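Inspection log for the structure reproduced underneath, given as structure tokens.
Any read-out appearing in this document is the output of simple, stated calculations on the displayed coordinates, not a laboratory observation. The structure presented is a predicted model; accordingly, all values stated were derived computationally and were not measured. Glycine also receives a Cβ, built like all others from the backbone with ideal geometry; neighbour counts cover every protein chain displayed.
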Amino acid sequence: PSGLRARLEGAMSRRRLRGWNPPLENVNALVASGGPKLLARARELVVTNGYAANACEAFAANLVGDGIKPSSLIDDAEQRDRVQRLWLAWTDEADADGLTDFYGLQAMVAREMFVAGECFVRMRPR
């Protein structure tokens, strides 16, 4: 039965699989023990390695594109224009540090997702 042999071949210790000893811990235990070091290495790699930096930028560009650009469905043209102007004014001031705009923040989140796998965003009124 070649089908049975193929299913069990992954558990064998023949020559080509002899050096493969994956950990038996669950993913949460692995991240808890090695996560900080892995994150530090990923951050350093994006800074020092051109291939990693390009991959990070390509990921962000493809994920974000032009960014979230909502348009109002308000029937009244004057009110719709007012809402649009308010939105555009806010996008310029969305960054509390004043370093970028709302679209730059979206790209920043995408880059952090690439490197760290997650990103926490807090929006607070000012």
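Give the residues of region 70-97 that are of a type in the set (Ser, Thr, Tyr) and exposed (fewer than 10 other Cβ atoms within 10 Å of the Cβ), sorted by residue number. Before the answer, list the steps.
Residues of region 70-97 that are of a type in the set (Ser, Thr, Tyr), as a first pass: 71-72, 91.
Passing the criteria: only SER71.
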Checklist entry - Just one of the numbered conditions (1) without any contact (Cβ under 8 Å) to a residue 40 or more places away in the chain; (2) among the small types (Gly, Ala, Ser); (3) surrounded by 14 or more Cβ atoms within 10 Å (Cβ to Cβ) is not true of ALA116; which one? => result (1)
Item to check | When residues of region 13-61 are limited to those that are of a type in the set (Lys, Arg) and under 18 Å from CYS119 (Cα atoms), the one surrounded by the most Cβ atoms within 10 Å (Cβ to Cβ) | outcome: ARG43
Checklist entry - What are the residue pairs meeting all of these: first residue in region 25-39, first residue touching a residue at least 60 places away in the same chain (Cβ under 8 Å), second residue of a type outside the set (Ser, Thr, Tyr) and part of a helix (DSSP H, G or I), Cβ atoms under 7 Å, and 6 or more apart or on different chains? => result LEU39/ALA116
